[in-house]
Structure formats: C-alpha cells, structure tokens
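Data first, discussion second: the structure below is written as structure tokens.
The values are calculated or read from the model by the stated rules, or taken from the named source; none is laboratory data. Everything numeric here is computed off the predicted structure, so don't read it as measured data. Every residue, glycine among them, receives a Cβ derived from its backbone with ideal geometry; neighbour counts consider all protein chains shown.
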Amino acid sequence: MSNKEFKNYPDVTNINKSDLSANSSLAKMLSLVGSNKRVVDFGCATGYFAKLLREEGCEVVGVELNPEAAKVAEKYCKEVVVADLDYVKIEDVFEGQTFDVATFGDVLEHIKNPWQLLKAVRRILNPNGFVVASIPNIAHGAVRLSLLEGEFEYREVGLLDNTHLRFFTRSSVGQLFSESGYAIQVEDSVHWPLFNSTPYTPNLNKDDIPSDLVDKVLSDRDSEVLQFIIRAYPWSMATEYNELKDKNAVLRSHSEKISLEFQKSQAELQRTQTELQRTQTELQRMQTELQRTQTELQQAQKNWEHCQNVIEAMKSSKFWKIRQKWIAFKS
C-alpha cells in the first residue's frame, strides 16, 4: 500500500506546442515521441503532456499517483490509471494492452526500483516500441558548488525535489537503461546556466566562489545540463545488429574520410617532392651557370691583365718612343 504524499502540480494544461521553448523537456520529448502513436504516459500529472501528445494525433493512456491530478488528466487521456508504480505490476495493470511509446517525464527518479519498472515496461511495448524519458541531472554545476559549500537543501521542485528517491548523472542514466535491457538511441539535454536564479537549481552568488573553481566546474560538459532527454529501445539481437551496423557505417565513413585525407596528403607530398626536385635541378643549373660565369670572368681578367702588360711593353719600346716624338713633331 502506498503512503506517499501527493505532489501539488501546477495547472499548465493551457500550454500549446507553440508556447514551448526549444530548450524544454516537453518540446524535446514531444519531438522524440512523434505523431500518431499509442502512448502510455507514466506520471501524467494533470495531463499537460498528454494534451500536447493528443494534438499530435497520439492516443494516450495515463498513469498517475495523485487521484485529483488524474481526474484533471482524464480530459486529455483515453484512460487514466491511478496507481503507485512502486507497488503495482505493469503487466497486470495493462493486461492484453501494448503501446508504441512509454514516456517518463521526470518520473524515474521518484521510483524505488526504476530498473524493475523499465524491465516490466518492455513487456507492454510493441515490437518497434520505445521509451522516451526526461531525467534530472544531479551533476549540474550549481549542485556541485553547493555541495562544496556544505549545502544540499531539498526543495519542492527541481534537481533537489524532496520526493526524489534516486539521483542520476549522464553515466548512471546510461547504466540504468543498459542494465534494464535498453539501448539508448538518442541522448539530448536541457540546459540551464550555472548562475541563473531559479526554483529548479540551488541559488549561488558568483562573487562568493573563486573564479578558478567556477572555471573548473564549467569545464565539464554537463555542468549546465538540467535534464537528460532519452529515447531508448528494448535490447535485442536486431537492436544489437542495427547498432553495430550504424557504428560500422560511422567507422566506414570515418575510414573513407581518413583515406581521402591520406590520398590528398600523399598527392600534396608528391607535388611538394616534385617541386623540390625541380627547385634542386634549377639550383644545380644556376650553380653550373655561376661556375661558368666565374670561369669566364677569370679568363676575361687574365686577358685584360695580358693586354695591360702588352700595352706597358709597347710603351717602353723604342718604336713607341720614336712614334710619340714623331706625333709631337707633326703636331
């Protein structure tokens, strides 16, 4: 028998798809579910997500702990089952029924044994069925910095919701689904800045925290992740084959890219080597030409010196002296 306190859900059933921010769990989950699906929405609250799903042509069956919220959700769901997921057997609740999608909008962290629940959900999914879930990230930087200040204060909502029984990081989300027999096909996230004041994260004063510590926290890729958004398929040989096939395609594409880059590098190297060889040949030609020019210059120098010697010899000869006197006499 359940003795849980009921959460007070805000009335957001008037929200429309056009009102949603792209950086919201509802928008991201709605996109992952798709249209015209038969959906079981676990923890449907007042049916605000069911309303959005119905507007996408989906048929929704809700499951909700709070009977008052369930009553409101009936307006948007084909059926709403009031049940405590920690105490009921999913197979019994939905005997003879199957679904295309099972959704968990910030629900799994409230469950005592989410592994057991996810395993049970596999049995009510159609052959191509899948799970879509949003899960809060306890490794958000605001929580980390609060812990370093010795603070871990529960709240009515958000990452430190006082009804959370489980806390998850990116790694433990992966383990949860893997150990429950699922392969995560899509892993998205909702982001929230570290120092934005909000009911969903601990409030921090940036001026009170050393800047190098802030930089260290922000260097982690999940430091500003508020929620993880997951789409996961039940694990099977077909799933494994498709996953390996996808990985093989990625590796092949990567290999082809590397091969093209290698060929390009080889061609560039060949071009460089050819250019180097041409430059070396040109250098040799220029050196040979320089050597020839220097030889010719040396020969010209010798010839010039020889001519000078001949001229000097002529100037000192008797004939030259007589000729000079004759020229002087004639003039």
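Quick one: would you say residue 244 is in a helix (DSSP H, G or I) and under 30 Å from residue 129 (Cβ atoms)? Before you say what the answer is, go through the steps one by one.
Numbers: in a helix (DSSP H, G or I): yes; under 30 Å from residue 129 (Cβ atoms): yes.
Taking the combined requirement at face value, the residue satisfies it.
Can you name every residue in region 52-83 that is surrounded by 15 or more Cβ atoms within 10 Å (Cβ to Cβ) and either closer than 15 Å to residue 36 by Cα or in contact with a Lys or Arg (Cβ under 7 Å, 6 or more places away or on another chain) (or both)?
52, 53, 54, 56, 58, 59, 60, 61, 65, 66, 76, 77
Among all residue pairs at least 6 apart or on different chains, which show Cβ distances below 7 Å where the first residue, located in region 69-86, is within 20 Å of residue 110 (Cα to Cα) and the second is in a loop (DSSP other than H, G, I, E, B) and among the hydrophobic types (A, V, I, L, M, F, W, C)?
Going by the 7 Å Cβ cut-off, the qualifying pairs are 69/45; 73/44; 73/45; 80/44; 84/65; 85/111; 86/111.
Please give the helices (runs of 4 or more DSSP H) falling wholly within region 96-180 in which 1 or more residues are surrounded by 13 or more Cβ atoms within 10 Å (Cβ to Cβ), small (Gly, Ala, Ser) and modelled with pLDDT of 95 or more. Spell out the reasoning first.
Working: elements: 114-122, 141-148, 170-179.
Counting at least 1 such residues, we get 114-122, 170-179.
Which of the residues spanning region 201-239 are of a type in the set (S, T, N, Q), assigned to a helix (DSSP H, G or I) and at pLDDT below 90?
239
Go through region 177-221 and count every residue that is under 18 Å from the mean Cα position of the chain (by Cα) and of a type in the set (Asp, Glu).
3
Residue by residue, here is whether (1) within 34 Å of the chain's Cα centre (by Cα); (2) of a type in the set (Lys, Arg); (3) modelled with pLDDT under 95 holds:
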site: 20; (1), (2), (3): yes, no, yes
site: 32; (1), (2), (3): yes, no, no
site: 51; (1), (2), (3): yes, yes, no
site: 56; (1), (2), (3): yes, no, no
site: 76; (1), (2), (3): no, no, no
site: 92; (1), (2), (3): no, no, yes
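Output yes when any residue across region 236-254 is surrounded by 13 or more Cβ atoms within 10 Å (Cβ to Cβ) and touching a Phe, Trp or Tyr at 6+ places or on another chain (Cβ under 6 Å), and no when none is.
yes
A quick yes/no check of all residues on (1) touching a Leu at 6+ places or on another chain (Cβ under 6 Å); (2) closer than 24 Å to residue 32 by Cβ:
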position: 174; (1), (2): no, yes
position: 180; (1), (2): yes, yes
position: 194; (1), (2): no, no
position: 197; (1), (2): no, no
